[in-house]
Amino acid sequence: MPLKTFINYSPNFNKKKRLKKNIRFIIIHYTGMKNEKTAIDRLTNIQSEVSSHYFITKNGNITLLVPELYIAWHAGKSKWKSQSSLNKDSIGIEITNPGHRFGYKNYTYKQINSTAILIKHLVKKYKISKKNILGHSDIAPGRKKDPGEKFPWKFLAKKKLAIWHNLEQKEHKKLRKKNCYKKEKKQFLKNIIRIGYSVKNLIKTTKAFQRRFRPELIDGRIDQECLKISKNIV
């Protein structure tokens with residue numbers, strides 16, 4: 001069954017096609033704009049020099065902005081494991097949401113359902129590993145917060161469209177805010193690097209990890225809960 005999409009092409013992409021086999025990542029963003037119209041206008045304005053491949057509206061409509069075999073400009077300066085500048089290897093999905101700057105909101109059910117349908121389609125088409133389905137904050141922890149702590153990664157993981165830990169909440173919540181020793185903090189650092197994070201600023205990267213895997217508390221502090229979750233994911 002073909003994916004149902006609308007089309008609103010953006011001029012912001014590299015004109016040279018890439019090979020299908022080079023597409024290895026899916027990067028999820030929120031628009032971070034006051035409203036949907038402002039967001040789509042920016043993503044299709046040649047002067048903005050930003051775009052993504054897909055745009056998901058509040059009511060769940062999926063709009064194609066840049067054909068998948070062209071490089072869209074969504075990831076910017078980014079890194080995951082040994083890969084840097086992830087635009088060239090990824091498909092970007094923008095979900096309309098005002099973001100932290102303009103009154104961050106819960107994603108709608110229709111948005112999340114459409115996101116899951118789209119990701120499932122792309123995973124099958126390009127054989128993308130669920131380990132490579134990431135948020136903008138994962139690949140640019142010093143710069144970005146999107147798609148943010150309200151994005152339901154656990155829901156996607158249940159559909160095998162993302163990674164998540166397999167700990168019971170009561171098993172890790174009791175460790176929240178419990179201090180780690182220096183050796184344990186070093187182990188946490190090793191764990192998040194193994195997961196894929198680039199660590200230039202440990203506090204910011206810890207917040208990115210928490211935003212993704214422990215969204216109830218994002219304080220940048222390495223506690224026993226973060227350590228346990230990181231061990232489980234590794």
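Some notes on this structure:
- Per-pair calculated FRET efficiency, R0 = 35 Å: K150 and N14 via Cβ, rounded to 0.05: 0.65
- Amide N of the stretch 160-192 lying under 11 Å from the label point, which is placed 7 angstrom from the Cα of N232 along Cα→Cβ: 164-175
- Length released on extending from Y104 to K190, taking residue separation times 0.36 nm less the Cα-Cα span: 27.8 nm
- Rg to Rh quotient for the stretch 146-221, alpha carbon positions, Kirkwood Rh: 0.95
- Of K204/K231; K58/K160; K130/K174; K79/K204, those spanning more than 21 Å from alpha-carbon to alpha-carbon: K58/K160; K130/K174
- Share antiparallel - DSSP beta bridges, the chain, percent rounded to 5: 35 percent
- Lys, Arg +1 and Asp, Glu -1 on Cβ, resulting dipole of the stretch 6-158 about Cα centre, debye, nearest 20: 600 debye
- Net charge dipole, the stretch 169-233: roughly 140 debye, given to the nearest 20, about the Cα centre with Cβ charges of +1 for Lys and Arg and -1 for Asp and Glu.
- Tail beyond 27 Å, pair distance distribution of the stretch 6-158 (Cα, percent): 12 percent
- Per-residue ellipticity at 222 nm from helix content only, as computed over the chain with -39500 (n - 2.57) for each DSSP H run of at least four residues, stands at -9500 deg cm²/dmol.
- Dimensions of the stretch 1-87 along the principal axes, based on C-alpha atoms and rounded to the nearest Å, stand at 35, 33, 24, largest first.
Any read-out appearing in this document is the output of simple, stated calculations on the displayed coordinates, not a laboratory observation. All values reported here derive from a predicted model rather than from experimental measurement. A quick note on method: Cβ atoms are made from the backbone with ideal geometry, for glycine too, and the neighbour counts reach across all protein chains shown.
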